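Here's the structure, in structure tokens; my notes come after.
The values are calculated or read from the model by the stated rules, or taken from the named source; none is laboratory data. Everything quoted here is computed from the prediction, not taken from an experiment. Neighbour counts run over all protein chains shown; Cβ positions are idealised from the backbone, glycine included.
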Amino acid sequence: MPIRVEDDADDPRVVVLTIDRPEARNALDPEHQQALGDAVAAFEADGSKLVAVLTGAGETTFSAGADLKRLIPTYRDRVRAGEDPPWNFGGFTAVDRAKPLIAAVNGHALAGGLEMALACDIRLCSENATFGLAETKWAIIPGAGGTVRLPRAVPLGLAMEMILSGEPIDAAEAHRVGLVNRVVALPDLLGVALTLARSIADRGPLAVREARARVLDGLGLDHDTAMAREHEAFVRVMRTDDALEGPAAFAEKRAPRYRGR
């Protein structure tokens, strides 16, 4: 199976998506790209799944991005023939996601690999991780959000250096500049990511999705408009049954039973 889709054994609300092509550094060829896009879309559509963790197979590489021998030539040839084909890399450039996704970066995240990690809401990495956008080395540019998301995740000067030079940074530097939330030992990485995913899954699902949307939406808005949108969302969430259940559970000193309505 090109993309492994597995429920968390301790919490079926959490799903793990694993790019399983270690022999090619988990690079996406056409088949893996389609399969990952399908897996992301299925996660979004499944009402029983609340949080996903994205990782790569093996102990050295999260993903080296697009397969330079198969995926890139196929796309390039169509473009050079005058076409303008869609480029929904791994399901992360065109899908409007609503649910949280955590990247467990278990090694090198390069080119499209970093772009997939950037498309996730939270990034954790192992000590052997590196992060780079190497596209200019091959006379192309990042095309799956790299020039958009990286400058929003790290200081502009560093983003420019990484994009224009194609040189990577290591895990310690990625943590220092805020590209990743935590650096953990490789054997512990998936477990830490799953613990975080479970904690998010325990929260009110409508509140989580609305809060996520407001954060991302607000980045592109002026202050007053962003505040107005937040207030609208605040009122919407207050009208839900879950917003009754949360304070009631607190008052009764029990775990809340959220129903997503």
Review point. From ALA255, ALA249, ALA243, which residue is farther than 24 Å from ILE122 by Cα, hydrophobic (A, V, I, L, M, F, W, C) and touching a Pro at 6+ places or on another chain (Cβ under 7 Å)?
Key: ALA249
Check your understanding: Out of (1) touching a Leu at 6+ places or on another chain (Cβ under 9 Å); (2) farther than 18 Å from CYS120 by Cβ; (3) among the aliphatic types (A, V, I, L, M), what's the single condition that is false for ALA207?
Key -> (1)
Review point. Of the residues that sit in the stretch 39-90 and are under 30 Å from ILE200 (Cβ atoms) and among the charged types (D, E, K, R), which one is surrounded by the most Cβ atoms within 10 Å (Cβ to Cβ)?
Key: LYS49
Exercise for review: Check the stretch 154-162 and report whether any residue there is more than 20 Å from LEU50 (Cα to Cα), in the same structural domain as GLY90 (by TED's automatic domain parsing) and in contact with a helix residue (DSSP H, G or I) (Cβ under 6 Å, 6 or more places away or on another chain).
Suggested key: yes
Study note, to complete from the structure: LEU190 fails exactly one of (1) crowded, with 17+ Cβ neighbours inside 10 Å; (2) within 27 Å of ARG254 (Cβ to Cβ); (3) under 17 Å from the mean Cα position of the chain (by Cα), namely (2)
Exercise for review: Tally the residues that are of a type in the set (A, V, I, L, M) and touching a strand residue (DSSP E or B) at 6+ places or on another chain (Cβ under 8 Å), restricting the search to the stretch 153-169.
Suggested key: 3
Exercise for review: Consider only pairs whose beta carbons are under 7 Å apart and that are at least six residues apart or on different chains; among these, list those whose first residue lies in the stretch 174-186 and is of a type outside the set (Gly, Ala, Ser) and whose second residue is surrounded by fewer than 19 Cβ atoms within 10 Å (Cβ to Cβ) and assigned to a loop (DSSP other than H, G, I, E, B).
Suggested key: VAL177/PRO155; VAL183/GLU127; LEU186/GLU59; LEU186/GLU127; LEU186/ASN128
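Could you list, in sequence order, the residues of the stretch 22-34 that are crowded, with 23+ Cβ neighbours inside 10 Å and either among the hydrophobic types (A, V, I, L, M, F, W, C) or closer than 17 Å to GLU6 by Cβ (or both)? Reasoning before the result, please.
Start the filter on the stretch 22-34 by keeping residues that are crowded, with 23+ Cβ neighbours inside 10 Å, which leaves 26-28, 32-33.
Correct list: ASN26, ALA27, LEU28, HIS32.
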Check your understanding: Of the residues GLU245, GLU210, GLU230, which is under 29 Å from PHE43 (Cα atoms), part of a helix (DSSP H, G or I), of a type in the set (Asp, Glu) and within 18 Å of the chain's Cα centre (by Cα)?
Key -> GLU210
